[in-house]
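Chemist: Here you go, one structure.
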Amino acid sequence: MTAKELIQSEPELWHEATHHRFLDGVREGTLPPEVFDRWLAQDYLFGVALTRAEARYLAGAPREDLALLASGVQAMVAELDWFEHKAAERQIDLGAALHPAARVYIDYLYALCDRPYSVQLTALWALERAYLEAWRGASPGAQAFREFVEHWTSDAFAAYVAALEAVTSRVLGQSGDAEHEAFRQVARHERAFWEMAFESVDA
C-alpha cells in the first residue's frame with residue numbers, strides 16, 4: 001500500500017480530518033478572532049511537542065532518511081519562532097493550559113517513540129499531510145487570516161510533505177496493520193484538534 005492508497009482507503013475519516021467549520025470560518029471570514037487565537041495557542045504547544053517527538057523519531061531513522069527528518073526538525077524550530085512572533089502581535093498567551101484534546105494528541109506522539117520507525121513515519125506524514133490539505137481547503141482565506149493560510153500552504157512546506165509521502169510509501173510496502181492504525185489515529189486526533197478551538201481549555 002502507498003501513502004496515497006492509505007488516504008483512499010479511509011475517505012470519510014480523512015475528510016473529517018481535513019474539513020471543518022473552523023477552516024470554513026477562516027476561508028469565509030466568519031471565524032471569531034478569539035476562536036482562532038485559542039486554536040493558535042494550542043497549535044503552538046502542539047508544535048513544541050511535535051518538534052521533540054520528531055527529534056526522537058530522527059534518532060531511530062535509517063541513514064537514507066536522516067536529512068529529511070533533520071530538515072523537518074529544523075523547520076519546526078523556525079516555525080516556533082514564527083508562532084511566537086505572531087502571538088506577540090496578537091497578544092496571545094502561549095503559556096495557556098493544554099486543552100485535553102491537545103494533551104491526548106501529544107501523548108500519542110510521545111507514545112510513538114517506542115514504536116517501529118515505519119509507524120512513526122506514517123503518523124508524521126499523516127499529520128503533516130492533513131495540515132497542508134486542510135489549510136489548502138481554507139485558501140485563500142479571509143483577509144484577517146490570509147497570512148496564516150499562505151504560510152501553511154507554502155511551496156516549501158508542500159515539498160517537505162511530498163518528500164515525507166514518498167518515504168512513507170516506501171516503508172508502507174514493508175508494513176502491516178500497525179501503520180494503518182497510526183494513520184487512523186492521526187486522522188481522529190486532527191478532527192478533534194479543529195473542534196477543540198470552539199471549547200474552553202477546561203472542556
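Readers should treat all values here as calculations from the given coordinates under stated rules, not as data from a laboratory. Note that the coordinates shown come from a computational prediction; the quantities given were computed from them, not determined experimentally. Virtual Cβ from ideal backbone geometry, glycine too; neighbours counted across all protein chains shown.
Chemist: How far is the Cα center of the range 1-49 from the Cα center of the range 80-154, in Å?
Modeler: 8 Å
Chemist: How many nm separate the modelled label positions at Ser169 and Arg21, each set 7 Å beyond the Cα in the direction of the Cβ?
Modeler: 3.7 nm
Chemist: Explain nothing, just the number: dipole magnitude of the chain about its Cα centre with +1 on each Lys and Arg Cβ and -1 on each Asp and Glu Cβ, in debye rounded to the nearest 20.
Modeler: On the way: 18 positive and 32 negative charges, 50 e Å.
Dipole of the chain, to the nearest 20 debye: 240 debye.
Chemist: Tell me, what is the FRET efficiency for Arg115 and Ala88 to the nearest 0.05, using R0 = 41 angstrom and their Cβ-Cβ distance as r? Let's see the in-between values first.
Modeler: Numbers: r = 37 Å, r/R0 = 0.89.
Computed FRET efficiency for Arg115 and Ala88 comes out at 0.65.
Chemist: With a ≥ b ≥ c taken as the square roots of the eigenvalues of the C-alpha gyration tensor of the range 60-127, please select rounded if a/c is under 1.5 and otherwise prolate if a/b is larger than b/c or oblate if it is not?
Modeler: Numbers: a/c = 3.58, a/b = 1.51, b/c = 2.37.
Note, shape of the range 60-127 comes out oblate.
Chemist: Roughly how tilted is helix 66-90, in degrees to the nearest 10 and between 0 and 90, from the longest Cα axis of the chain?
Modeler: 10 degrees
Chemist: Under a 5 Å amide H to amide H cut-off, with H placed in plane at 1.01 Å, what residues pair with Gly60 once short-range neighbours are removed?
Modeler: Here nothing satisfies the definition.
Chemist: Sticking with this structure for a sec: Which semi-axis lengths, in whole Å and largest first, follow from the square roots of five times the eigenvalues of the Cα gyration tensor of the chain?
Modeler: On the way: eigenvalues 143, 65, 55 Å².
That gives 27, 18, 17 Å for the three semi-axes.
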